[in-house]
Structures are given as C-alpha cells and as structure tokens.
Amino acid sequence: MSQISVTINGEHIQAEEGMTILEAARGAGIFIPTLCHHEQLESYGSCRLCVVEIGTGERKKVVASCLYHISEGLVVETETEKINGFRRTILNLLMHRWDNIPAILLEKYGAKSNERFIDNMTYCILCGLCVRFCHEVKGANVLGFIGRGTIRQVVIFPNQSAKYCASSCPDEMECLHYCPTGVISSQYYGSRPADGQALPHAAPVCINEDLNILEVLERVGHV
Amino acid sequence: MSYSLAKVDQIIDGYGADKEALIQILLDIQHEFRWLSRETLMHTADRLGLPMNQLYNVTTFYKHFSLVPQGRHAVSVCVGTACHVRGATRLLDRVAQGLKLSPDETSADEKFSLKTVSCLGCCALGPVMVFDGKYMSNPTSNEIAEIVEECE
C-alpha cells in the first residue's frame, strides 16, 4: 500500500491508500465521534455522527467519514460549524431514545432535549452493532432487523439461537458488549414473554415456532 | 393449497438460485401464491444459502411483501395527498363498507384484500381505486357493489 497525503483540519497527514477518513484521522490522533463504528466490523454509516466536510470552496460536501476512502490531496474538516450543527441535531434526536448519551458528546455539541420530539426510550439506536457482530464475526445470524422507519427494531431469532449461540459464543453472549446503550439484556435472550404479557418495547423480541413473526409485526404495528 | 415448494423451487431455479436475485425471487413467489408463508421463506433461505433474518429484514422492509394470505381480488385505494384532498377518505369508507372490510384486511373467504396505497401517479383521476389492476376514478357505492357482485 502506498502512502498518500491528506489534509485534515489544516494538518498534513500521511496515510495509507485505501484507508477511510476516520481511520486516517484516528491514526493521526484527531477525534471524530462515532456510535455505530467498530474496528472488527465493516463500516455501516448508520449513526451519522462521524460526518465530515471534504473539499474546498464551492465543491465542499458532507460525507460519512467511516465510509469515505481517502485519496491524494483530500482536504477534510471535522469540526466546522455546519458539521457540529448536524451532530447536535443527531444527538438531539437520539436523546429521545436513549437518555444516557455520554455527557462529553452532549456538552461538546451543545445538544439539548427538544419538546418537539416525543420520548420513546427504547434504548435501541439501531446502530446495528449487535446484528453485524452476530453476522460478520460469528456467522450465527441470531439477531436481525425487522420493519422500516419508526417501527424498525432488532429481534432475536431463537431458532437460530438454539442452533448457533452455544457453539458461537459458548461462555456468554458476546454481542452484549457491543451494544452502546446496553439494551440487549440477557433477560430476554432466547426466551419469550408469557401469554398475554405485553412485550417490553425496549427489548428485542423473539421469533420462534410459538411466537409467530406475524404476532411480532402486529405488536409493532406492521400488519 | 396456499403454496407449493415445488413451484418455489422452479422459480428459484429460474434465477439460477442466485442470492443476488432475492427480491426478484420473492416477488415471483408472492405473485404465484399471493403471499409469503413462513415455510416458503425458510425453503427460499435454504436454497439461496441466506440466513432467515435477512429474509425477514427484506420482507418486512418493503410494504409490497405480504406475510399474511391475500385475497383473490386486490383492491387498493389511494390515500396520497392529491387523492386525500379530493376525498380519498370518503372513497375509502365507501369501499370498506362495500367489501365489509377495514383497510389492510383480507376477507375470511380470501375473496378480497383491501389496501391503502400512497399515490399511483394518476392524481388527475383522484380519488382513485384500483381493482385487480383496473383504475377507477371515484367509483360510487353502486359501482363498488356491482363489482363485488360480479366477482367469484
């Protein structure tokens, strides 16, 4: 891999070709906040906190730094007013799903809760870290997404879990450690709520022979 | 018979069991049986070498896919903006009354399915109802009743 030079926040940095902006910046000790990024996993670009501005003058544009690959002479700004504004908005929205966002982020970007948005403390920010870990690292596919938009949520497929969980993660659920908000609790793992009991909205739900996916979809308002 | 795995196999083979063609395969299967049963999905997942969670991800993402059996006759009422201002709510009420169904419901004998859709691209005809692919502009209660009578 050949070395190329890029400019991040006015600093000239040598980085390897094929790196993403995020990797190059972190290599040079420049902080870019992320929630859905993990070194072990493919970049996903769902949290959007890592947005940066690239280019100069009128050709400036905003990209997700975890997905954008660097090229020779690329000019990157990670903390412009526009970018910080975007991050503030994202955090404002996240605050209504997760009330325990690292204070350092809230202070840095001046995020405040806004009464326009209704609190929906699901503690799941749909970063997909658990789903991707289960798929990419373990190949078990026990966790998955269903739905779209406001009803999108993470579900556990216990059929799969019976087959794969014990062999993939013999000691414990390793996906737990990937959850930034701690919503995936072992309480609901591989179990199902008793009949008539409402599904805790915050928790991932189970799909197995008894609990048909239709029931689940009904509860999340899909059918 | 609401589905046959032999037919599913035939559809999958038609695409060379290519997992890249997942959505096209699912569309064809749904076209054939009018819905995607759990067994069909599991069979498709096996044949394509895809995990079930991915199939549920795709089938719950697109509104077009149905995980419940659909009626033999599909009735859609547009509730897009243009149709809405031109009286889609009243049309939907009339249709729901005529079919004795509420939106997103299928009759017990699987004769009709009533769905709402958002914009069919023919706003000048609004409010629009589509009956088995036939576009009708603001049908009256009598017209709806006639169609219901004619159907098998």
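Of all beta bridges that DSSP places with both ends in the protein assembly as shown, some 70 percent have antiparallel geometry. Peptides A:70-82, B:89-101 ranked from most to least packed, by the mean per-residue count of other Cβ atoms within 10 Å: B:89-101, A:70-82. 3J(HN,Hα) along the range A:146-153: 10, x, 8, x, 5, 9, 4, 7 Hz, from the Karplus curve 6.51 cos²θ - 1.76 cosθ + 1.60 with θ = phi - 60°, whole Hz, x for Gly and Pro.
The mean number of Cβ atoms from other chains found within 10 Å of a Cβ in peptide B:42-54 is 3, as a whole number. If both residues of a DSSP beta bridge must be in the range B:73-150, then about 60% of such bridges are antiparallel.
Distance from the C-alpha centroid of the range A:81-153 to that of the range B:1-64: 31 Å, rounded to the whole angstrom.
What the phi angles of the range B:61-69 give under the Karplus curve with 6.51, -1.76 and 1.60, with θ = phi - 60°, is a coupling list of 6, 8, 5, 5, 6, 10, 9, 10, x Hz, glycine and proline written as x. Shielding value for B:58-64 is 4, the average number of Cβ atoms from other chains within 10 Å of each residue's Cβ. Taking a ≥ b ≥ c as the square roots of the eigenvalues of the Cα gyration tensor of the range B:5-61, is the shape rounded (a/c under 1.5), prolate (a/b larger than b/c) or oblate? Since a/c stays below 1.5, the shape of the range B:5-61 is classed as rounded. For B:MET52, the accessible area of its heavy atoms, probed at 1.4 Å with every protein chain present, is near 30 square angstrom. In the protein assembly as shown, helices alone account for a calculated mean residue ellipticity at 222 nm of -9000 deg cm²/dmol, with every DSSP H run of four or more residues adding -39,500 (n - 2.57). Solvent exposure of chain B, expressed per residue, is 53 Å² of accessible area, with all protein chains present and a 1.4 angstrom probe.
For the protein assembly as shown, the number of Lys pairs with C-alpha atoms closer than 18 Å, counting only pairs eight or more positions apart or on separate chains, is 11. Carbon-plus-sulfur accessible fraction, the range B:61-109 (probe radius 1.4 Å, protein heavy atoms only): 55%.
Secondary structure note: in the range B:38-119, about 25% of the DSSP beta bridges are antiparallel.
The values are calculated or read from the model by the stated rules, or taken from the named source; none is laboratory data. Since the model is a prediction, treat every value here as computed from it, not as a measurement. Every residue, glycine among them, receives a Cβ derived from its backbone with ideal geometry; neighbour counts consider all protein chains shown. With ligands, DNA and RNA removed, areas are computed over all heavy atoms of the protein, side chains included. Shrake-Rupley method; radii C 1.70, N 1.55, O 1.52, S 1.80 Å.
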